[in-house]
Protein chains: 2
Amino acid sequence: MLGSTYESQVCSISRTLEVFGERWTFLILRNALFAESTRFADFHRSLGIATNVLASRLEHLVEAGVMERVMKNSGEGEKYRLTARGRDLTPALIALTEWGDRWAAPNGVPILYRHGREEHPVRMQLVCDICGPLDASADVEALPGPGMPQNMAAGVLERHRLRHAAQPITR
Amino acid sequence: MLGSTYESQVCSISRTLEVFGERWTFLILRNALFAESTRFADFHRSLGIATNVLASRLEHLVEAGVMERVMKNSGEGEKYRLTARGRDLTPALIALTEWGDRWAAPNGVPILYRHGREEHPVRMQLVCDICGPLDASADVEALPGPGMPQNMAAGVLERHRLRHAAQPITR
């Protein structure tokens, strides 16, 4: 069983949510990644978020190393620019979008993700290194990696053993 | 510019976050998907979350059609089981994990995602239908889809036009 100590220490989902786990934060990053928002006023206008909340979220993202403040020519004021760490959230945001596209877009898909001048369509694909592309609802298990403490790993492995002992081989 | 009306109406990330946009909700789903948690007591023990908060989050997930309550044999009490809509969040959770693995796992990757008895490694891959696999930090644009109202689409397309007018062709 993944205990609450585990939460704070060694789960990459938890750690990701420590940085991004708030709705406005995701939407700020979405607009920075895909709508080229860079200025406080851009985010404020497009999100309709209170200025004190927006200031606090941007500050959090700068502290987390996901955005950086850049001073432009004196008249222009400061900009918020994504760092490599921030740009690398692209896949997770696309995967979240795709869930919404499949389950919560009754009037059609609102956004199409494209790359390059030719506007080729891009998407996130669950891939097995041996079997190739997998269905989004494929049966995936979480096994202990090198960063999981031994005492927690034992419980996860026992659950894994029981699960497979209960299933007949079907192929 | 994506206005605040747009937020509530037609963005699939916003709609996804309306269902999942709260940290505990993601962690409940993580444990349901990957740690086989099904009972209230399982989630309570593994997450260390207050019972009233847990009850409210589970209720929200049932209302959103992501989990369903299943009554088992009288002695066993009720279980919470993921629906197809819930299982389909697997790719987004793996993508969030992978960001954490790359940027917030100083002691090594805590979890390895595997599928099947052979425990083949699985991962999320950003894919272009024409170019094939892309780097996670690839330059991706959001263009209007069929579900975006015309008046909003015009602004997005104008931004797109300006962006490409400013870039020389490099290949």
Considering only the range A:143-153, I want to know if a residue exists there that is at the interface with chain B (Cβ under 7 Å from one of its Cβ atoms), more than 30 Å from residue B:151 (Cβ to Cβ) and exposed (fewer than 14 other Cβ atoms within 10 Å of the Cβ). yes
* To do: Determine, yes or no, whether residue B:126 is farther than 25 Å from residue A:106 by Cβ, aliphatic (A, V, I, L, M) and out of contact with any Asp or Glu (no Cβ under 6 Å at 6 or more places or on another chain).
  => yes
Scanning the range B:130-161 for residues that are touching a Pro at 6+ places or on another chain (Cβ under 6 Å) and assigned to a helix (DSSP H, G or I), the one modelled with the highest pLDDT turns out to be B:153
Cβ pairs under 6 Å, 6+ apart or interchain, first in the range A:83-102 and more than 7 Å from chain B (Cβ to nearest Cβ), second among the charged types (D, E, K, R) and surrounded by fewer than 19 Cβ atoms within 10 Å (Cβ to Cβ), ordered by first then second residue, are A:83/A:68
Within the range B:16-63, residues being among the hydrophobic types (A, V, I, L, M, F, W, C), free of Cβ contacts under 8 Å to residues at least 40 places away in the same chain and under 19 Å from residue B:76 (Cβ atoms) number 7
Please indicate, with yes or no, whether at least one residue in the range A:70-77 is modelled with pLDDT of 85 or more and in contact with a Phe, Trp or Tyr (Cβ under 9 Å, 6 or more places away or on another chain). yes
In the range B:116-128, anything modelled with pLDDT under 90 and either facing chain A (nearest Cβ under 7 Å) or in contact with a helix residue (DSSP H, G or I) (Cβ under 6 Å, 6 or more places away or on another chain) (or both) is listed as B:117
Within the range B:79-124, the residues that are over 15 Å from residue A:90 (Cβ atoms), of a type in the set (Phe, Trp, Tyr) and not assigned by TED's automatic domain parsing to the domain that holds residue B:27 are B:113
| message | With the structure loaded, tell me whether residue B:66 is in the same structural domain as residue B:44 (by TED's automatic domain parsing), touching a residue at least 12 places away in the same chain (Cβ under 8 Å) and crowded, with 18+ Cβ neighbours inside 10 Å or whether it fails that test. | response | yes
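The values are calculated or read from the model by the stated rules, or taken from the named source; none is laboratory data. Computed from a predicted structure; not experimentally measured. Neighbour counts are summed over all protein chains in view; Cβ atoms, including those assigned to glycine, are modelled from backbone coordinates with ideal geometry.
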